[in-house]
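**Q** Mind having a look at this structure? Questions to follow.
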Amino acid sequence: MDQQQTSSESNKVDGSTGELLVPSVADATVTRGKSPEEIHPLARTLEEWVEVFRGMGEKPFRAKQVYRWLHQDRVFDPDQMTNLSKALREKLKKAGVAAPGQVANVHESADGTRKILIDFVHGAKIECVMIPMSPDIGVDDYDEEEEDSPKKRVTLCISTQFGCAMGCVFCASGQSGLFRGLGAAEVVFQVLVARDYLRPGEELKNLVFMGMGEPLHHYEETERSLRLIARPEGIGMSPRRVTVSTVGLVPGIRRLGRDFDGKVGLAVSLHATNDAVRSEIMPMNKRYPIAELMKVLHEYPLPPRKRLTIEYTLIKGKNDSLEDADALARLLRSLRVKVNLIPMNPIEKSNLEAPEPKQVLAFRERLAAAGISCFVRMRKGDDVSAACGQLALQSIDPQRLTRRSPRS
Ligand code: SF4
């Protein structure tokens, strides 16, 4: 087992400089630098499938058929791909078409929140959370271009890394350090699995990259996942239904805006209005301080009627005063934003607390009075530990974490 995977401390942002001490991702599931044949079948683009089939002497139209089996029907067993010839099914079996993981557990909260634990073949148990949205919870405005739909909307929160290197002090995932990033196949798989747990009358409306990990820390896998998820031959979820949440990695924000023309929603964890406090609770601020972050947010190519989301965790005595609210309003005045206020979720080994409800309300009112659109994010799924920052690491098998395979 190598040092990088055994020591979570060394896999965190350097608290004194904000520098990352490890490469963004180093594991068997990434796609970077691999040929189409080596990339996991679920992470292959349609174009890469065409190339793979060309190499097998098969017709290009087979690519769409297989892509649909994997991404629409979640069928990984070539024997069940009934519109393919027997010979091709055998070739796919030999090539190692298989699911990247399986569901290990599902917990359902009294409020309908479902937390799905997925056990990935190459080590890592990852949680994703399905959150039924209702008009009374005040955060349900990812859907700014409202459509008439009788269906009950569900938002899915997915993870992009196993652990997280960013070290935010209010977050359970951040305390463990980064073990590994997830490959695009593992990210897409979470969406496929969650669709199986929709109830009659529900639809998966929004997707948020807000679970464990920093999605822009291994940008290539996040970008690939977004493109795979958008593909009409597959899940077909438009980028405008997707929100990527970041701690504020400036180069990643710039790339995301450029690569998707600003169509992908962006949520930024701000959590403080001055560098001293922000660096204390979010070490990455030392590398990308607030002024630099604000500059890149001003440049983000937001489509008309879209807003950035600013996440602000309220921590008692740290960032929850009315002066903080005033400073936040000043900082955001010239941006098109909505602010999600999140009362701190208690985590183990931390003495940080949520403010009293009346302080949360006063903060919100102060911001609203300054003309800033803001919502208090009600906690959903508390009884299954599905709230923000509570997607803690599950037990891991180190042997599996270090396993390597060309088909991973
Ligand atoms: S809040 Fe997000 S970026 Fe910060 S440590 Fe937790 S998972 Fe990582």
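**Q** Is it the case that some residue within the stretch 248-257 is more than 16 Å from the ligand (Cβ to nearest atom), closer than 25 Å to residue 342 by Cα and free of Cβ contacts under 8 Å to residues at least 60 places away in the same chain? Even if it seems obvious, please write down each step before you answer.
**A** Within the stretch 248-257, the first condition is being more than 16 Å from the ligand (Cβ to nearest atom), and the residues that meet it are 254-255, 257.
This time we only want the ones that are closer than 25 Å to residue 342 by Cα, so: none.
No, there is no match, as no residue in the stretch 248-257 is more than 16 Å from the ligand (Cβ to nearest atom), closer than 25 Å to residue 342 by Cα and free of Cβ contacts under 8 Å to residues at least 60 places away in the same chain.
**Q** Please work out if residue 54 is farther than 18 Å from residue 225 by Cα and of a type in the set (D, E, K, R).
**A** On the way: farther than 18 Å from residue 225 by Cα: yes; of a type in the set (D, E, K, R): yes.
Yes.
**Q** On to the next question. Condition first: surrounded by fewer than 18 Cβ atoms within 10 Å (Cβ to Cβ), within 30 Å of residue 118 (Cβ to Cβ) and modelled with pLDDT of 70 or more. Can you find one or more residues in the stretch 383-403 that meet it?
**A** No, the stretch 383-403 has no match at all.
**Q** Only one of these conditions is not met by residue 221: (1) away from the ligand (no atom under 16 Å from the Cβ); (2) in a helix (DSSP H, G or I); (3) not hydroxyl-bearing (Ser, Thr, Tyr). Which number is it?
**A** (1)
**Q** Can you name the number of the only condition in (1) at negative phi; (2) aliphatic (A, V, I, L, M); (3) open to solvent by less than 10 Å² (accessible area, probe 1.4 Å) that residue 106 fails?
**A** The one condition residue 106 does not meet is (3).
**Q** Then there is this: State all residues of the stretch 194-218 that are within 16 Å of the ligand (Cβ to nearest atom) and more than 14 Å from the chain's Cα centre (by Cα); if no residue qualifies, say none. Step through it out loud before you land on a result.
**A** Quick first cut of the stretch 194-218, residues within 16 Å of the ligand (Cβ to nearest atom) only: 208-218.
Scanning the stretch 194-218 gives no hits.
**Q** Take residue 348 and decide whether it is farther than 22 Å from residue 374 by Cα and modelled with pLDDT under 95. Walk me through how you get there before you give the answer.
**A** Working: farther than 22 Å from residue 374 by Cα: yes; modelled with pLDDT under 95: yes.
Against the criterion (farther than 22 Å from residue 374 by Cα and modelled with pLDDT under 95), residue 348 qualifies.
**Q** Residue 298 - would you say it is buried (at least 23 other Cβ atoms within 10 Å of the Cβ), assigned by TED's automatic domain parsing to the domain that holds residue 176 and over 30 Å from residue 196 (Cα atoms)? Even if it seems obvious, please write down each step before you answer.
**A** Working: buried (at least 23 other Cβ atoms within 10 Å of the Cβ): no; assigned by TED's automatic domain parsing to the domain that holds residue 176: yes; over 30 Å from residue 196 (Cα atoms): yes.
No: the conditions fail for residue 298.
**Q** Now a separate question. Among the residues of the stretch 13-47, which ones are of a type in the set (Ser, Thr, Tyr), open to solvent by less than 20 Å² (accessible area, probe 1.4 Å) and either farther than 27 Å from residue 66 by Cβ or modelled with pLDDT under 75 (or both)?
**A** Keep residues of the stretch 13-47 that are of a type in the set (Ser, Thr, Tyr), which gives 16-17, 24, 29, 31, 35, 45.
Filter again for open to solvent by less than 20 Å² (accessible area, probe 1.4 Å), leaving 29, 31.
Hit for the stretch 13-47 is 29, nothing else.
The values are calculated or read from the model by the stated rules, or taken from the named source; none is laboratory data. Since this is a predicted model, take the numbers as computed values, not measurements. Positions of Cβ are generated from backbone atoms using ideal geometry, with glycine treated the same way; all protein chains shown enter the neighbour counts. Calculation scope for accessible area: heavy atoms of the full protein, side chains included, ligands and nucleic acids excluded. Shrake-Rupley method; radii C 1.70, N 1.55, O 1.52, S 1.80 Å.
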